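The values are calculated or read from the model by the stated rules, or taken from the named source; none is laboratory data. Here the structure is a predicted model, which means the values were calculated and not measured. So basically every Cβ, Gly included, is an ideal-geometry build from the backbone, and we count neighbours across all protein chains shown.
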Amino acid sequence: VLNGDRERAERALERELLTSRLTAPAPTAGLGTGEVYLIGAGPGDPDLLTLRALQLLQRADVILHDRLVSEAVLERARRDAERIFVGKESGGPDNQNEIHELLVRLAREGKRVARLKGGDPFVFGRGGEEIEVLAAHGIPCTVVPGITAALGAAAAAELPLTHRRLASSVTLISGQLSDGALPDCRFLANPGHTVAVYMGVAQLPNIVARLRAAGAAAEHPAAIVERATLPGQRVLRGTLANIEALAQAHEVGPPAILILGDVAAFAPAEATAPPTAAAGVTA
Ligand SMILES: C[S@@+](CC[C@H](N)C(=O)[O-])C[C@H]1O[C@@H](n2cnc3c(N)ncnc32)[C@H](O)[C@@H]1O
């Protein structure tokens, strides 16, 4: 398809979606035949929503959203849709049971409920627990994948997670394991294996110490992508030796993701040179 044709087709689709956003009725409301759309909203940039996410978002009567869902994404919803913020405060009490009750109650009222989560609902998103509850109550649910933070950050910062020369595997891990432990660190300590650590910035000292103890070199490349795909995105590049100091010096805040391994030092302009691990920050 020529670029011009594609642009025209995209504009026509956008017009169609905007019209439906203004006029979409709620024919099932009150009939007890509601349903839930479990939608991945991607890392923040609304242009990274899938078409299906956009379609279902514009069909929903009510939207339950987390903290990581950007305002720009919420603006793509039907204008008359009710918005309910169900994000958990950092360090606050777990409200997952209340979310389950709300999902079930709203669907039983006949509503079309969009459960909108940052990234992908099944990657550190507790989407699995929500579909279990919905299934137990016989409530129909459609799951829409989203671009998970590791992929959004990798694209935005140009870090090819499995670059053929640099890495043959990638692992997504949470930095907030309940016992403070990391999975098999000897495997993760290999710089030819890429590791994307979600919710890891507060745990940086612990993560660095464990990888070093498992044999990772001080020069093991490390990058932090803060606010990937969002306004104000920053990329910090360093090594295990200095990534904590860099994060502190630049006052890195959430949301941020840590990428470890040789790909964290990748720079397309130096594509033929071996990876280097010069520290730096780019906005
Ligand atoms: C509870 S997890 C949710 C992950 C989400 N379900 C996903 O697939 O991306 C939250 C963590 O995802 C990462 N994250 C989410 N959005 C991000 C963004 N725009 N930039 C950097 N990291 C992000 C951060 O590590 C954050 O602490």
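Structural remarks
- Conditions (1) under 23 Å from Ala41 (Cα atoms); (2) away from the ligand (no atom under 14 Å from the Cβ); (3) part of a strand (DSSP E or B): number failed by Val225: (2)
- Among the residues of region 60-75, the one identified as in a helix (DSSP H, G or I) and touching a strand residue (DSSP E or B) at 6+ places or on another chain (Cβ under 7 Å) is Leu74.
- Answer residue from region 115-158, given it is part of a strand (DSSP E or B) and surrounded by fewer than 22 Cβ atoms within 10 Å (Cβ to Cβ) and is nearest to the ligand (Cβ to nearest atom) among those: Val143
- Selected residue (only one of Thr50, Thr33 is closer than 19 Å to Leu151 by Cα and hydroxyl-bearing (Ser, Thr, Tyr)): Thr50
- Selection over region 229-243 of residues that are within 16 Å of the ligand (Cβ to nearest atom) and either assigned to a helix (DSSP H, G or I) or under 20 Å from Leu166 (Cβ atoms) (or both) gives a count of 4.
- Just one of the numbered conditions (1) more than 30 Å from Ala267 (Cβ to Cβ); (2) in contact with a helix residue (DSSP H, G or I) (Cβ under 7 Å, 6 or more places away or on another chain); (3) buried (at least 16 other Cβ atoms within 10 Å of the Cβ) is not true of Leu161: (1).
- Looking across region 9-57, just one residue is under 14 Å from Val113 (Cβ atoms), modelled with pLDDT of 95 or more and part of a loop (DSSP other than H, G, I, E, B), and that is Gly34.
- Leu74 being over 15 Å from Gly110 (Cα atoms), away from the ligand (no atom under 16 Å from the Cβ), among the hydrophobic types (A, V, I, L, M, F, W, C) and modelled with pLDDT of 95 or more: no
- Residue match in region 86-93 (condition: charged (D, E, K, R), assigned to a loop (DSSP other than H, G, I, E, B) and within 10 Å of the ligand (Cβ to nearest atom)): yes
- The residue list Ala107, Ala81 contains one member that is buried (at least 16 other Cβ atoms within 10 Å of the Cβ) and in contact (Cβ under 8 Å) with a residue 40 or more places away in the chain, which is Ala107.
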